[in-house]
Amino acid sequence: MRALVTGGTGFIGSHLAESLVREGYDVTCLVRDTSKPGYLEGLGVTMIRGDCRERDSLTAAVRGAEYIFHLAGLTKARDEHEFHEVNVKGTENVVRAALEGNRTLKRFVHLSSLAAVGPSDTGRPLAEDCEHRPVSAYGRSKSDGERAVYDRRNEMPVTIIRPPVVYGPRDRDLLVFFKLVKAGFVPYWGKSYYSFVYVEDLVRAIILSALSDKAQGEIFFVSDGATHESDEVVDAIAEALEKRPLKVRIPMCLMTFAGAISERTKSGSIINKDKIEEMRHRCWTCDGSKAEGRLQFVAKVKMREGVRWTTDWYKIHRWL
């Protein structure tokens, strides 16, 4: 079984490549610089140079792949144009390359995001058929990228996975919150509610969706099945770090100002105006029952356990 993974050097992509190799797949990873394999080093994957933004560079990568897992994308960028170039045009390029240059494709799995449809306005977890109402530049780009795949569902076998907050070893986006808790304080702007999924559970769901006939042409939310209140998340991190952080109430207007300053002083920071725009909304939850019913997917890792494992990994690798 031959699989192509785009975004294989990233957080989720590297975990997916590792799992595919372990399950016996012949894995090729599209990477922008083959001299920087990152977590792919020593896995036994084939690395082929290419960039989703450069359509001509994708021809050789897609040829012969039975499964294409498109995970390449930006979670933070300098502006909306940069998000669009990678998350929308890059996705369109991979889809077109697969349509034009692959006769062996069994499934094209696209990793989208809860941000593509936006937060829940009612307080109830969103289902897959909800209306798209993204509230950030990132979310808008993921929504448009998702449509680029879904619109081709009658021409190629596609599946779309929409995870909520993903966490686990190798993740740098949530690392900042672990560092804040370790420093002894966390910003607080009122209770919020989130869906989470541990990275290994997400990877398992991605592979299940690629192999299931019931997943063809479908969209799935994937989560750990629980709704997590913001205090619960902070408490889980604090417990893992053996800290008792002080909650510092910060008005949202100041958070927006801090995001603007962060963008000017630190390129690529997850603390930016776009993410803070998402934080203004208090309910980012999704309903994973469709994945449970059709894919027989049930998350194995609960929040406190996953946070503890993530914390241990951060400590071992001196990220904390």
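No lab work stands behind these numbers, since they all come straight from the coordinates. This structure is a prediction, so every number in the text was calculated from the model and none was measured. Positions of Cβ are generated from backbone atoms using ideal geometry, with glycine treated the same way; all protein chains shown enter the neighbour counts.
Taking the Cα centre of the range 105-150 as origin and charging only Cβ (+1 Lys, Arg; -1 Asp, Glu), how large is the dipole, in debye to the nearest 20? Can you show the working numbers first?
Numbers: 7 positive and 6 negative charges, 43 e Å.
Once rounded to the nearest 20, the dipole reads 200 debye.
On a 0 to 90° scale, report how tilted helix 230-241 is relative to the longest principal axis of the chain, with both axes built from alpha carbons and the result rounded to the nearest 10.
90 degrees
Sketch the reach of a paramagnetic label on Arg249 as a point 7 Å from Cα along Cα-to-Cβ, and name the residues of the range 172-200 whose backbone nitrogen lies under 13 Å away.
Of the residues in the range 172-200, 188-191 have backbone N under 13 Å from the label point off Arg249.
For Val158, what residues show an amide H to amide H distance below 5 Å, using hydrogens built from the backbone and excluding near sequence neighbours?
Phe108, Gly217
Size of the dipole of the chain about the Cα centre, Lys and Arg at +1 and Asp and Glu at -1 on the beta carbon, nothing else charged, in debye to 20?
On the way: 48 positive and 44 negative charges, 128 e Å.
That gives the chain a dipole magnitude of about 620 debye.
Subtract the Cα-Cα distance of Arg96 and Glu80 from 0.36 nm times their separation in residues, and report this length gain in nm to one decimal.
Details: separation 16, 0.36 × 16 = 5.76 nm, distance 2.28 nm.
Roughly 3.5 nm would be gained on extension.
Using θ = phi - 60° and the Karplus relation 6.51 cos²θ - 1.76 cosθ + 1.60, list the HN-Hα couplings for the range 220-225 in order, rounded to whole Hz, with x at every Gly or Pro.
Each residue's phi maps through the Karplus curve to give 9, 7, 10, 8, 7, x Hz.
For Glu229 and Arg2, compute 0.36 nm times the residue count separating them, minus their Cα-Cα distance, and round to one decimal in nm.
This chain segment gains 77.7 nm when fully extended.
Using 16 Å as the cut-off for backbone N distance, which residues of the range 58-73 belong to the label zone defined by a point 7 Å from the Cα of Thr34 along Cα→Cβ?
58-63
As a footprinting exposure proxy, order Lys76, Lys36 by other Cβ within 10 Å, with the fewest listed first.
Details: Lys76 19, Lys36 11.
By the 10 Å Cβ count, ascending: Lys36, Lys76.
Normalised by the number of residues in the chain, what is the relative contact order in percent for Cα pairs under 8 Å and 6+ residues apart?
Result for the chain is 17 percent.
What is the diffusion coefficient of the chain in µm²/s, taking the Kirkwood radius over Cα pairs and the Stokes-Einstein relation at 4 °C with a viscosity of 1.567 mPa s?
Working: Rh = 20.0 Å.
Rounded, D is 65 µm²/s.
If amide hydrogens are placed 1.01 Å from N in the peptide plane, which non-local residues have theirs closer than 5 Å to the one on Cys29?
HN-HN under 5 Å from Cys29: Val5, Thr46, Met47, Ile48.
To the nearest 10 degrees, how steeply does helix 252-265 sit against the main Cα axis of the chain, on a 0 to 90 scale?
Result, in degrees: 60.
Name the residue from Cys286, Ala226, Leu174 whose Cα lies farthest towards the positive end of the charge dipole of the chain, charges +1 on Cβ of Lys and Arg and -1 on Cβ of Asp and Glu.
About the Cα centre, the residue reaching furthest to the positive side is Leu174.
Report, in whole Å, the centroid distance computed from the Cα atoms of the range 289-319 and the range 18-95.
Spelled out, the Cα-based centre of one part sits 24 Å from the other.
Taking the 0 to 90 degree range and rounding to the nearest ten, how far is the long axis of helix 90-101 tilted relative to the main principal axis of the chain, both from C-alpha atoms?
Roughly 20 degrees between the two axes.
Please report Rg (one decimal) and Dmax (integer) in Å for the Cα set of the range 1-137.
My reading of the Cα-based Rg and Dmax gives 15.8, 48 Å.
For a test of the definition: using alpha carbon positions, the gyration tensor, and the 1.5 limit on a/c, classify the range 27-66 as rounded, prolate or oblate.
Details: a/c = 3.12, a/b = 1.37, b/c = 2.29.
Oblate is the answer for the range 27-66, as a/c is 1.5 or above yet b/c matches or exceeds a/b.
Which ordering of Met47, Met1 is given by a fewest-first count of other beta-carbon atoms within 10 Å?
Numbers: Met47 21, Met1 14.
The most exposed by this proxy come first: Met1, Met47.
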